[in-house]
Structures are given as structure tokens and as C-alpha cells.
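S.K.: Have a look at the structure that comes next, please.
Bear in mind that the values in this text are calculations on the coordinates, not laboratory data. For clarity, every value in this text was computed on a predicted model and none was experimentally measured. Note that we place each Cβ from the backbone using ideal geometry, even for glycine, and neighbour counts take in every protein chain shown.
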Amino acid sequence: MSINVGDKVPSVTIKRLGEGGMEAVNTGEFFAGKKIVLFSVPGAFTPTCSMTHLPEFIENAEAIKAKGVDDIVCLAVNDPFVMKAWGEAQGASDKITMLPDGNGEFTGAMGLTQDISAAGLATRGKRFAMVINDGVVESLDIEEGKGVTVSGATACLAKF
């Protein structure tokens, strides 16, 4: 069962690379008290994610934040080292918060995983975007096809 509009995001602990090395992030605390656009990609360094999804959010970051959004977060079921390297390679570091869900616990708790083991990618997150206000999902758009339509930055901007 998938998370729905009006639900609180699950509170799980995931790991990311911070300035001092590996750090724990409690998702319940991370999303509390802020308005955040969260978008999820199936995998860092994959073609659609690297050529379309993340770059569109980087290009539109200022316009989205001008709508009262405190942070834009890119989520992927990838390890912290990969997410940090991908963010740096894409020039996202000062515009987008890269949030790794290395074990898929947060994505799984939201019911937004997909099995893409046929492509050699195991269980990953679905491609989606949501607006979270003080830990509560205000909007959720899950891609049904292979492209970036309802979960891209342009679609996100249209919500505000």
C-alpha cells in the first residue's frame, strides 16, 4: 500500500554523507517544520535520471524555492557515496539536497518501491514527486511510464 496525500511521511533512519562523514538522518525529523519538494529517481547515473529528471530540478530550483519551498530533495535507493558523487557530477550540491536511501527502508515504508531486477537494478524506488509540508504529504505524483512527466520540475511548478 502506497503513502497517500494527507499521510505523514514515515520516520525511519537512513544514512548520508555529511561534512564530518557518515551521519544518520531521521526522516520524520528531516521533513518536520519545512515545506519540501521530494522527487525520487530509480537510480543515480542512469540515463533518464541524469539527462532529464535531476537536471530539470537543478534548472528550476530557484523558481521552485521562490514559491515558498524550503528545500528540494532528490531521493534514490542508492548508497550515500554514489548519491554524493552523482550530486557533485550534476552540479546539484548548492541547489538540491541529495538523500540516499541505501537500504530502501524509507522508500519501502512509503510503499513506493519497484522491482527492476530484470534490468539488473534490484529493488529501487519508483519515479515520483511529492510536496511535503511539515511532514505531511500535500501532493503525490507517481510516474506510470518510463519518462518524466508528472514528477518533473515543470509539473511541480504548476502545482504552486
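S.K.: Would the range 45-132 count as rounded, prolate or oblate if I go by the C-alpha gyration tensor, calling it rounded below 1.5 in a/c and otherwise prolate when a/b exceeds b/c, oblate otherwise?
M.R.: Prolate is the answer for the range 45-132, as a/c is 1.5 or above and a/b outweighs b/c.
S.K.: Could you pull out the trypsin sites (Lys or Arg not before Pro) across the range 33-84 that fall in loop regions by DSSP (anything but H, G, I, E, B) with no more than 14 other Cβ atoms inside 10 Å?
M.R.: Lys34, Lys67
S.K.: Further question: Using the Karplus curve 6.51 cos²θ - 1.76 cosθ + 1.60 with θ = phi - 60°, work out ³J(HN,Hα) for each residue of the range 7-14 in order, rounded to whole Hz, and write x for Gly and Pro.
M.R.: 7, 7, 5, x, 9, 10, 9, 10
S.K.: Could you tell me what a quarter of the Cα convex hull surface of the chain works out to, in nm² with one decimal place? Write down the numbers at each step before the final one.
M.R.: Working: hull surface 33.9 nm².
Result: a mean projected hull area of 8.5 nm².
S.K.: Report ³J(HN,Hα) in whole Hz for each residue of the range 46-57, in order, from the Karplus equation J = 6.51 cos²θ - 1.76 cosθ + 1.60 where θ = phi - 60°; Gly and Pro get x.
M.R.: 7, x, 5, 5, 7, 9, 10, 4, 5, x, 5, 6
S.K.: Quick one: which residues, 5 or more positions from Val12 or on another chain, have an amide H under 5 Å from its amide H? H modelled 1.01 Å from N in the peptide plane, none for Pro or chain starts.
M.R.: Here the answer is Thr27, Gly28, since their amide H atoms fall under 5 Å of that of Val12.
S.K.: In terms of modelled amide H atoms, which long-range or inter-chain residues lie less than 5 Å from the amide H of Met98?
M.R.: Cys74
S.K.: When the Karplus curve 6.51 cos²θ - 1.76 cosθ + 1.60 is applied with θ = phi - 60°, which whole-Hz ³J(HN,Hα) does each residue of the range 151-160 get, with x for Gly and Pro?
M.R.: Values per residue, Gly and Pro as x: 10, x, 5, 5, 5, 5, 4, 5, 6, 9 Hz.
S.K.: To the nearest Å, what is the center-to-center distance of the range 8-46 and the range 67-125, using C-alpha atoms only?
M.R.: 8 Å
S.K.: If you filter the range 110-149 for trypsin sites (Lys or Arg not before Pro), then keep DSSP loop positions with at most 16 other Cβ within 10 Å, what is left?
M.R.: Lys146
S.K.: Restricting to the range 13-158, what percent of DSSP beta bridges are antiparallel, rounded to 5? Don't jump to the answer; show the numbers that get you there.
M.R.: On the way: 21 of 31 bridges.
Just about 70 percent of them are antiparallel.
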